[in-house]
């Protein structure tokens, strides 16, 4: 890989291309690329086998971050620094090191030796002004990547002996999808299946909301018909979350192979899922409203499965 090309203008064609990828799903589909912003998110993507096409780095921010020094005008992280990105040691930040199988015999790294990259990855160095133009948020340590699409299908899902799967039907808000993915990761779910999606899985808002769980979990998109057939073929019990004709979720066994299926907050699940279900479950509503946010509901149901499976 040649030395990084320096970009000093927000009008540079490369910067315009990156902004188009961030803003337009059609552009992402046509080019087969999507945008990942931040060290943590990029690390999860690399570890999951996603291949970077282009890295855009702001050395002024990235170098100081890699040394554990907060970039200018940014506070040192507090207790959240104990996650996969950094470890808190007094008041210092320990830089992330990525372990990935992507690196061949001719290893190439970004400044400070933080990210191993495959041959052919293009690297651009931008100044702080340009970076602020393309960054969604200010706490991403000065790195943004264009990543190649990686199609994931139902048949690619690897299941444990006693799988836990969550299925979302037509949940269109990227923030909700990202939050569900975070809960699925925290609960150790095997996979998340998005049925009839109204948003693409590589929407930057979804990736950002998931803080990288889009990569750490097996996430696939499929039709409801395909998903139902796949679940039944693998002997996975289908539990649909619905208010009508349902039992309380904590009275429903979830210790065996289980799929928790949820729909939109406004319309719920379609009839195809209601008919395919082995059991219908509900979360008790004790107030005047009849619905929780789908991401909150998913977390409650996932952790009920965790509670039962751990004998708590």
Pairing a residue in region 278-292 that is surrounded by 10 or more Cβ atoms within 10 Å (Cβ to Cβ) with any residue that is in a loop (DSSP other than H, G, I, E, B) and at pLDDT 90 or above, where Cβ atoms lie under 6 Å and the two sit 6 or more apart in sequence or on different chains, gives 279/252; 281/252
Taking region 160-184 and keeping residues within 11 Å of the chain's Cα centre (by Cα) and more than 15 Å from residue 301 (Cα to Cα) leaves 174, 175, 177, 178
Over region 1-35, the set of residues touching a strand residue (DSSP E or B) at 6+ places or on another chain (Cβ under 7 Å) and assigned to a loop (DSSP other than H, G, I, E, B) is 1, 4, 32
Margin query: On the basis of being at pLDDT 90 or above and under 27 Å from the mean Cα position of the chain (by Cα), does residue 211 make the cut?
Written below: no
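Conditions tested, residue by residue: (1) touching a helix residue (DSSP H, G or I) at 6+ places or on another chain (Cβ under 9 Å); (2) farther than 21 Å from residue 29 by Cα; (3) at pLDDT below 95; (4) not assigned by TED's automatic domain parsing to the domain that holds residue 296.
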| site | (1), (2), (3), (4) |
| --- | --- |
| 161 | no, yes, yes, no |
| 164 | yes, yes, no, no |
| 171 | yes, no, yes, no |
| 174 | yes, no, yes, no |
| 178 | yes, no, yes, no |
| 181 | yes, yes, no, no |
| 184 | yes, yes, no, no |
| 187 | yes, yes, no, no |
| 191 | yes, yes, no, no |
- Query: Is it the case that region 185-198 has a residue that's under 26 Å from residue 304 (Cβ atoms), crowded, with 19+ Cβ neighbours inside 10 Å and under 11 Å from the mean Cα position of the chain (by Cα)?
  - Reply: yes
Counting only residues in region 240-258 that are assigned to a loop (DSSP other than H, G, I, E, B) and in contact with a helix residue (DSSP H, G or I) (Cβ under 6 Å, 6 or more places away or on another chain), the one surrounded by the fewest Cβ atoms within 10 Å (Cβ to Cβ) is identified as 255
By residue number, the members of region 205-220 that are surrounded by fewer than 20 Cβ atoms within 10 Å (Cβ to Cβ) and either in contact with a strand residue (DSSP E or B) (Cβ under 8 Å, 6 or more places away or on another chain) or in a loop (DSSP other than H, G, I, E, B) (or both) are 218
Of 263, 311, the only residue that is at pLDDT below 90 and touching a helix residue (DSSP H, G or I) at 6+ places or on another chain (Cβ under 9 Å) is 263
Restricting attention to region 36-60, the residues that are touching a strand residue (DSSP E or B) at 6+ places or on another chain (Cβ under 8 Å), part of a helix (DSSP H, G or I) and closer than 14 Å to residue 124 by Cα number exactly 1
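Answer yes if at least one residue in region 222-237 is part of a loop (DSSP other than H, G, I, E, B), touching a helix residue (DSSP H, G or I) at 6+ places or on another chain (Cβ under 8 Å) and surrounded by 14 or more Cβ atoms within 10 Å (Cβ to Cβ), and no otherwise.
No, region 222-237 has no match at all.
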| Flag if residue 11 is modelled with pLDDT of 85 or more, assigned by TED's automatic domain parsing to the domain that holds residue 123 and more than 21 Å from residue 150 (Cα to Cα) | yes
Screening 10, 38 for residues that are within 23 Å of residue 217 (Cβ to Cβ) and in contact (Cβ under 8 Å) with a residue 40 or more places away in the chain leaves only 38
Residue 285 fails exactly one of (1) assigned to a loop (DSSP other than H, G, I, E, B); (2) touching a strand residue (DSSP E or B) at 6+ places or on another chain (Cβ under 6 Å), namely (2)
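The values are calculated or read from the model by the stated rules, or taken from the named source; none is laboratory data. Since the model is a prediction, treat every value here as computed from it, not as a measurement. Neighbour counts run over all protein chains shown; Cβ positions are idealised from the backbone, glycine included.
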